[in-house]
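All of the numbers you see were taken from the coordinates with simple rules; none came from a lab. Since the model is a prediction, treat every value here as computed from it, not as a measurement. Here the Cβ positions follow ideal geometry from the backbone for every residue, glycine too, while neighbour counts run over all protein chains shown.
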Amino acid sequence: MKSIAVVISLVLTATLPLASSGPSGSVGSQSTGQQAPGVATEEMQVVEGIEATKAVHDVLEKVRAALGGQKTLLEVKSLLIEGSRGDAPFTYRILLPDRFQWNNNGPTFTIDGPSRYVQRPDASDSTKARSSKNATKTFVTISLTTLIRAPSALKVRATLRKPDKAGSMPVVFTTAGGFAILLEVDSSNFLPKAYSYIDNLTEGNCGEPPTESSASRRVVYDEYRQVAGIRFPARMTDTIMTADGRAITASLQFTSIRVNEGISQADFEK
């Protein structure tokens, strides 16, 4: 497991800064679909913190409907997720729009609002900088792939890509922090089937998705479960591709999911 842990650390480290919350990132202020001043263009609109054209938002609305409905997803204020990757347990605490805590079987990484990051046990400044980027990336990923909404940590743009797999509709979420998520949506029922990372963006880019889709990590959904009227992935296959072409595969499970319970702001102030 030591070698796998090293690979995970190398693969998941992103190049994105914590961004301060503002009009482009506030979940609550963007559910109307109105254009955000200084962010959306004439052809774009911002819905649930995601900037996209109307055609793309129409697809995302269908994905939300398949997961439980836009109204139900919008009512989610917090998530408490317990799970494991292989035999390594973890806990995610999410308090939207800007608080996230990740307990990785001992170490704890906490984003408490737009500017405060705490790591326990403490570490060097360089280590904390890498960890805070990784925590932000994980936070944004969970919110986008399970709720189809962006937290206020980063500005996000969504675009559609030409399908390269039968029965799959690729949606690319590009972030201002230099990474992108390719979400594979089932074109028959609009449920997410898998997601992968695209890490070849230039720092600060939030424009069109990159031309290359070389994903270093791909998570395939094997099973859904319903909690509080929402379909969540419960069992997944997590595959990491190393630079030398090796594939490291592990079972990824969400064993317990609690919606709007078990979390308070005090959890993130410790």
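Details
- In order along region 260-265, the Karplus-derived 3J(HN,Hα) couplings, from 6.51 cos²θ - 1.76 cosθ + 1.60 at θ = phi - 60°, round to 6, 7, x, 9, 9, 4 Hz, and Gly and Pro are given as x.
- Extension gain, Arg161 to Gln226: 0.36 nm times the residue separation minus the Cα-Cα distance gives 20.5 nm.
- For region 47-55, putting each phi into the Karplus relation 6.51 cos²θ - 1.76 cosθ + 1.60 with θ = phi - 60° gives couplings of 10, 6, x, 10, 8, 6, 6, 4, 4 Hz, in residue order, rounded to whole numbers and with x for Gly and Pro.
- Cα convex hull volume per residue for region 36-150 (Å³): 130
- A simple rule links phi to the HN-Hα coupling: the Karplus curve 6.51 cos²θ - 1.76 cosθ + 1.60 with θ = phi - 60°, which for region 87-99 gives 9, 9, x, 8, 9, 10, 10, 10, 10, 5, x, 9, 10 Hz, with x for Gly and Pro.
- Sequence of Arg218, Arg149 once ranked by neighbouring C-beta atoms within 10 Å, starting from the fewest: Arg218, Arg149
- Additional length obtainable on full extension of the chain from Leu74 to Ser264, 0.36 nm per residue less Cα span: 66.6 nm
- Computing FRET efficiency as 1/(1 + (r/R0)^6) for Ala65 and Asp186, where r is the C-beta to C-beta distance and R0 is 22 Å, gives about 0.95.
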